[in-house]
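K.L.:
Dropping the structure in here first, questions after.
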Amino acid sequence: MSKRKLNRLVTEKWVNGWDDPRLMTLAGLRRRGVTATAINAFIRGIGITRSDNSMIRLDRLEYHIREELNRTAACTMVVLHPLKVVITNLESVIDLDAKKWPDAQTDDASSFYKVPFTNVVYIERSDFRVKDSKDYYGLAPGKSVLLRYAFPIKCKEVIYGEDNESVVEIRAEYDPSKKTKPKLADLNPHSKEVIPEALSVASLSSAAVGDRFQFERLGYFVVDPDSTPEKLVFN
C-alpha cells in the first residue's frame, strides 16, 4: 500500500494512528510485537535489487517473524470466546504440564509450566456444535474429544440460555475409554476486534508491555502499551 493511501487511512481515522497494529509500518509492526531481529533477518534474506517492479511476498516476512517468535514468545493459553464446560465426574484438581515452547524437550522442566485442571474448563465457542458432522473434530452432544494436555471428555448435556437457542454451558464427563483426534482445534470493517470476554491463565497477569506470547491455537500476541494493571490489552 502506498504512503498516500496509508496517510488517508490515518488522517480519515480509519485506523488509530501510524502505530496501528493493522498497518505495515515499522511502528505498527513494533506494536504488533514484531521484533527488529525479525525485520533485519527479512531484509538480509531478500537482498538488494535494481529492478523497479520487483515485489516481495508478505509470507517471506511472516516466515522470519515466526522463526523469531518461536524462540522468544512463550506459549500460553487464552480463550477468546469462552464456553463453559463442567466436568461432572472430575472431583480433584490435577496439575498439568503445558509447553512454554513449541519444541520443548520432555526432559527439560524449565520448558513447561503448570496449569490447574479442574471440573470447570473453558473452550472456544467454535469448538462446539449442537449438530455434529463427519468432518468436524470438535465437541458435540454424545461425542468425545481430547482436551489439550488433559483428558478425553464426552458431552452429556447442553444448557441453553433464556432464548432457548444460545448455548451457555456444557455438561461433560471424563471419558478415559476413547482415544480421539486431539482437536477442539479492500478495507476490512472487522479488522479491529475488541474481545473483552477473553480469559487466560492466571500467570499472564504479571505480563509487562512488550512481552510476547503464543496463544495456543490462536497465534502470536504482544502486550499493548494501552494496557493497565487492571486490564491487559493484547495485539
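Values in this text are rule-based calculations from the coordinates and carry no lab data. Keep in mind that this is a model prediction, so the values were computed, not measured. Cβ sites come from the backbone with ideal geometry, for glycine too, and all protein chains shown count toward neighbours.
K.L.:
Within straight cross-link reach of Lys3, meaning Cα distance under 19 Å, which aspartates and glutamates are found once same-chain residues fewer than 8 apart are removed?
P.N.:
Glu12, Asp19, Asp20, Asp52, Asp186
K.L.:
In addition: Taking 20 Å as the cut-off for C-alpha to C-alpha distance, list the pairs among Lys5/Lys192; Lys84/Lys131; Lys131/Lys192; Lys100/Lys231 that go past it.
P.N.:
Working: Lys5/Lys192 18 Å; Lys84/Lys131 18 Å; Lys131/Lys192 30 Å; Lys100/Lys231 23 Å.
The answer is Lys131/Lys192; Lys100/Lys231.
K.L.:
Let me ask another. Simple spin-label model, 7 Å along Cα-to-Cβ: Leu80 to Phe151 in nm?
P.N.:
Distance between label points: 3.1 nm.
K.L.:
Spin-label point model (7 Å from Cα, Cβ direction): what's the Trp18 to Arg66 distance in nm?
P.N.:
For Trp18 paired with Arg66, the spin-label model returns 3.1 nm.
K.L.:
Considering all alpha-carbon pairs of segment 3-73, what whole percent are spaced by more than 16 angstrom? Don't jump to the answer; show the numbers that get you there.
P.N.:
Numbers: 1411 of 2485 pairs.
Roughly 57 percent, once rounded to a whole number.
K.L.:
A further question follows. What length, rounded to one decimal in nm, is gained on full extension from Ile94 through to Thr37, with 0.36 nm per residue of separation minus their alpha-carbon distance?
P.N.:
Length gained between Ile94 and Thr37: 16.6 nm.
K.L.:
For a test of the definition: using alpha carbon positions, the gyration tensor, and the 1.5 limit on a/c, classify the chain as rounded, prolate or oblate.
P.N.:
Prolate is the answer for the chain, as a/c is 1.5 or above and a/b outweighs b/c.
K.L.:
Could you calculate the FRET efficiency of Asp224 with Ser133 from 1/(1 + (r/R0)^6), where r is the beta carbon distance between them and R0 is 30 Å, rounded to 0.05?
P.N.:
0.20
K.L.:
Shifting gears a bit: Could you sort 30-40, 197-207 so that the peptide with the highest average Cβ count within 10 Å comes first and the rest follow in order?
P.N.:
Descending packing order for the listed peptides: 30-40, 197-207.
K.L.:
Let me ask something else. Rounded to a whole number of µm²/s, how large is the Stokes-Einstein D of segment 80-174 at 37 °C and 0.692 mPa s, given Rh as the Kirkwood radius over C-alpha pairs?
P.N.:
Stokes-Einstein gives a translational diffusion coefficient of 224 µm²/s.
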